[in-house]
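Remarks on the structure that follows.
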Amino acid sequence: YTRRVSGADRGDELGSLAETINRMADDLEAQDHHRKELVANVSHELRTPIAALRAVLENVVDGVSAADPETMRTALKQTERLGRLVETLLDLSRLDHGAVPLRARHFEVWPYLSGVLKEAQLTGAAVARRKLASDSGSHTRSDVALALDVSPPELTAYADPERLHQVVANLIDNAVKHSPAAGKVTVRARAGAGPDSLELEIMDEGPGIPRSEWHRVFERFNRGALPHVQKAGSPGGDGGTGLGLAIARWAVDLHGGRIRVAESARGCRMHVTLPGKPLNEQLT
Ligand code: ADP
């Protein structure tokens, strides 16, 4: 759609027709861009639970871990997650019509976040065990401690739990990935300015992100542009695609919220603000 009609500046009827045509071409181009972005985002999201599921099952098949209820629950969780992702995919296809439903509701932050953390711990540990078994254990993800700090404990939020999961899980995944051995990852939640608005921070003790890259990390496929960060941060190739933060920003944008890298004395500090009232609620 890159061609444009000339004469939009004529000031007569033909000119306004040309203008309309050009505007339609712009719209089509934007939609096409959106669609490509969504396909890329969703594929990225599907890889994580598939990798975790595979690690869990391979561990059982190879006799590295037993097929106990806890292990099976991890596998089940990932299967459920895959199912939800397919649902998301269906939701995303509605973007063609300019509407992604935001299923926001009130919920308690502490039980919600501790569920996300538990899941990150379980899948991280399963992948780490697999790694340990296959390359006689150098750095593993399981030795990173996850801490949750919610205040007040009865804090509530108004958000789409599934979309917020995409945000938090991706940020924790990155934080763990870039953590040094025995590092600590902290998830902090506080009340925001408005009713049910939420301030979230995910902090790690890794190399952090250089200030010069702050504005770029939320763009798609940006990891190639950050080889130094990549090298310093993650042990061995981690199979990342440079889409995690783009997905997180997309999900935050849907809420009308904001995500940014924040000042930190040590490591990386990601800051998320969710307004109590989502901006695009009317669109759904
Ligand atoms: P991916 O992790 O798949 O490369 P992301 O979009 O999640 O893609 O992250 C983009 C880049 O930002 C990463 O490649 C990494 O260089 C940098 N980055 C993200 N999170 C962190 C972090 N917690 N610490 C250091 N660097 C990070």
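Bear in mind that the values in this text are calculations on the coordinates, not laboratory data. Here the structure is a predicted model, which means the values were calculated and not measured. All Cβ positions, even for glycine, are placed from backbone atoms using ideal geometry, and neighbour counts span all protein chains on display.
Quick look at the values:
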item	result
FRET efficiency, 1/(1 + (r/R0)^6) with R0 45 Å, evaluated for Arg10 and Ala145 via beta carbons	0.10
Potential lengthening between Ala66 and Ser212 on full extension [0.36 nm per residue; Cα-Cα distance subtracted]	47.9 nm
Amide H contacts of Val185 (H built 1.01 Å from N, under 5 Å, at least 5 apart or other chain)	Ala145, Leu146, Ala147
